[in-house]
Amino acid sequence: MRWVIPLLCLMVMGAAWGGNTAIAKIATLAGAPALGLILLEGIGSGLIILVLCIATRRLPPLSRTHLAFYAIAGVVGLMLPGAVIFWIAPHIPVGILALLFTLVPMMTYGVSLLFAIERLVWIRVLGLVIGLVGTVLVIVPGASLPGSDMVGWTLIGLSAPALYALQNAYIARYWPGGADPLSISCGTMIGGGVVFLPIVFIAGEEMTLMPPWETAEWAAVAMLTVNAFAMAIFIWLLRFAGPVFASQTAYFVTLWGIFWGMVIYDEQHSVFVWLAALLLFMGVALVTFGERLTQRFRRLPPAA
């Protein structure tokens, strides 16, 4: 019974963040600019988390080190990948967009190897290779993608999980002292948004919530609310069940994203999409749990 609530949390977060991919497509098709949308979602979600920080007396530290951390992590891991996702959302199926999120754990391990944060483990490298095969299946036109015109957009979309992976590696190496995940999340969302603010205005893609609200504004508010809600649950899950258990959110985000695409946009996927999803899930499992499983097998007593 102790794990019933954490499992429900995984389901809820998957439904929430997977649903946000579908809402992003609604917002962008309704005319919301990608840069303005991610700025609104980032700062809006950060302000909601700030209320939780105030309520729990865990305000983000404001030293020079912390402010630099918020700015870098926020731009690299929130603003830039979010802008990419919102930019490509109108051009590819929601299910394919959701599959891209499965690459985050694998790319994180690859980046961590480059920066010597993680050590080389061959079973985890095998997971990277399997994930690469799954990725190739995703971008094959006529198999997973409905048309060849979507290949370029999907390739651009690969930069989003790569940026998330860079953020994960940066956080792992440069996590500042004197802060907890809730305050760091708040500072990162707001800090990244503040740095990104002049870029949005220079590009002329600002987005306000002045009435009257149209579809784009309602979708934006839904996205920032859902994001803050799911982030709060994720932070609680990190503290209660640990990062390995919480990392399994990637599976549920992908599955729910595919589900919402089928329900809302009537998307139909070929067998290649499901095969790609299976390979990506296998790759994530090996990267996340491969070393632990290998160690367990080594401890097994020899057969009689």
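What follows draws every value from the coordinates through simple rules; no lab data is involved. Bear in mind the structure is a predicted one, so any value in this text is a computation, not a measurement. Please note: Cβ atoms are built from the backbone with ideal geometry, for glycine as well, and neighbour counts cover all protein chains shown.
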Report summary line: In terms of the charge dipole of the chain, which places +1 on Lys and Arg and -1 on Asp and Glu at the beta carbon, the residue among I233, F115, A222 farthest towards the positive end is F115
Query raised in the report: Which whole-angstrom value gives the distance between the alpha carbon centres of the range 263-284 and the range 61-118?
Result: 22
**Report entry** the range 74-193: relative contact order as a whole-number percent, Cα under 8 Å and 6+ apart
**Finding:** 49
Report summary line: Put in order of increasing Cβ neighbours within 10 Å, starting from the fewest, Y265, Y164 give Y265, Y164
**Report entry** For L145, distant residues with modelled amide H under 5 Å away
**Finding:** V140
Requested in this report: Mind checking the range 178-252 for chymotrypsin sites (Phe, Trp or Tyr not before Pro) that DSSP puts in a loop (not H, G, I, E or B) and that have at most 12 other Cβ atoms within 10 Å?
Outcome: W213
Report summary line: By the C-alpha gyration tensor axes a ≥ b ≥ c (rounded if a/c is under 1.5, else prolate when a/b exceeds b/c, else oblate), the shape of the range 76-211 is oblate
Query - Sparse-neighbourhood loop sites, chymotrypsin sites (Phe, Trp or Tyr not before Pro) in the range 26-116 - DSSP loop, at most 16 other Cβ within 10 angstrom - result: F115
Report summary line: Counting only DSSP loop positions in the range 59-133, the trypsin sites (Lys or Arg not before Pro) whose Cβ has at most 12 other Cβ atoms within 10 Å are R119
Report task. Among I202, I139, I72, determine the one that fluctuates most according to a GNM of the chain built with springs between C-alpha atoms less than 10 Å apart. Result -> I202
Query raised in the report: What helices does the chain hold that run 27 Å or longer along their axis, going by alpha-carbon atoms, with a Kyte-Doolittle average of 1.6 or more, using DSSP H for the helix calls?
Result: 34-56, 181-203
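Can you give the longest run of the chain that contains no GluC sites (Glu not before Pro) sitting in a DSSP loop with at most 14 other Cβ atoms inside 10 Å?
It works out to 1-205.
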Requested in this report: Let me see the pair-distance distribution of the chain: every alpha carbon pair, 10 Å bin width, integer percents in order.
Outcome: 6, 26, 35, 24, 7, 1, 0, 0
Query - Calculated FRET efficiency for the pair L278/L120, C-beta based, R₀ 22 Å, to 0.05 - result: 0.30
Query raised in the report: What is the chain's relative contact order, in percent, from Cα pairs under 8 angstrom and six or more apart in sequence?
Result: 42
